[in-house]
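Chemist: Sending over a structure as structure tokens; questions will come in a sec.
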Amino acid sequence: MTGDTDGRVIRFEWREDGPQIGTAIMVLTADAKFLNGLWYEHGELQGIWYGIRVADGCEPSCKTDSANTVADALEESGSATLYGIRFDLDFDRLRPDSAQTLGALLAALTDQPD
């Protein structure tokens, strides 16, 4: 999965072995006790996610990767979904928080100009 967060909103692209590629959005409630979300495959709504926070104190068993996920997506499928390119309201000015996403895109295109 690759994506970003904006407060309590999580937007990401997911990939599975083979041609399965989709996007999802999840929203955490203000009290962080409940998660709601929608997931799409090939641009079509496929289902919803929802659930109550587990209170057993277990750590999630996931790892983060600092690799350029934009480059990985471009290499794998020839396209990438970019999240985090934001503009000031009613202006054509990019917001400073867009720099990370644009930097990843620039690095991917520089490393692999084809």
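No value in this document is a laboratory result; all are computed from the given coordinates. Just so you know, these numbers come straight off a predicted model, no measurement behind them. All Cβ positions, even for glycine, are placed from backbone atoms using ideal geometry, and neighbour counts span all protein chains on display.
Chemist: Could I have the simple spin-label model distance between Ala107 and Asp92, label points 7 Å from Cα toward Cβ, reported in nm to one decimal?
Modeler: Label-label distance for Ala107 and Asp92, simple model: 2.9 nm.
Chemist: Determine the dipole magnitude for the chain: charges of +1 sit on the beta-carbon of Lys and Arg, -1 on that of Asp and Glu, nothing else is charged, the reference point is the Cα centre, and the result goes in debye to the nearest 20.
Modeler: Details: 9 positive and 20 negative charges, 100 e Å.
I would put it at about 480 debye.
Chemist: Per residue of the range 32-47, what does 6.51 cos²θ - 1.76 cosθ + 1.60 with θ = phi - 60° give for ³J(HN,Hα)? Whole Hz please, x for Gly and Pro, Karplus curve as stated.
Modeler: Calculated HN-Hα couplings, in order: 6, 9, 9, 10, 10, x, 10, 10, 10, 10, 6, x, 10, 4, 10, x Hz.
Chemist: Can you list residues from other chains, or at least 5 along the same chain, whose modelled amide H is less than 5 Å from the amide H of Arg95?
Modeler: Under 5 Å from the amide H of Arg95 lie the amide H atoms of Arg86, Phe87, Asp88, each far enough along the sequence or on another chain.
Chemist: Quick check: the distance between the Cα centres of the range 71-114 and the range 1-52, to the nearest angstrom?
Modeler: Distance between centres, Cα-based: 20 Å.
Chemist: Oh, and also: For every helix of n ≥ 4 consecutive DSSP H residues, a contribution of -39,500 (n - 2.57) applies; sum these over the chain, divide by its total residues, and give [θ] at 222 nm rounded to the nearest 500 deg cm²/dmol. Working shown, then result.
Modeler: Values: 2 runs with 22 residues, N = 114.
So the helix-based figure for the chain works out to -6000 deg cm²/dmol.
Chemist: To test your reading of the geometry: what angle, between 0 and 90 degrees and rounded to tens, separates the Cα axis of helix 99-111 from the longest principal axis of the chain?
Modeler: 50
Chemist: Here are labelled values, (i) 1.15; (ii) 1.21; (iii) 1.01, and one is the computed Cα Rg over 2.2 N^0.38 Å for what I pasted. Which one?
Modeler: (ii)
Chemist: Provide the packing ranking of 41-50, 75-84, i.e. peptides ordered by the mean count of other C-beta atoms within 10 Å per residue, highest first. Before the final figure, lay out the partial values.
Modeler: Values: 41-50: 10.4, 75-84: 13.4.
Highest mean packing first, the order is 75-84, 41-50.
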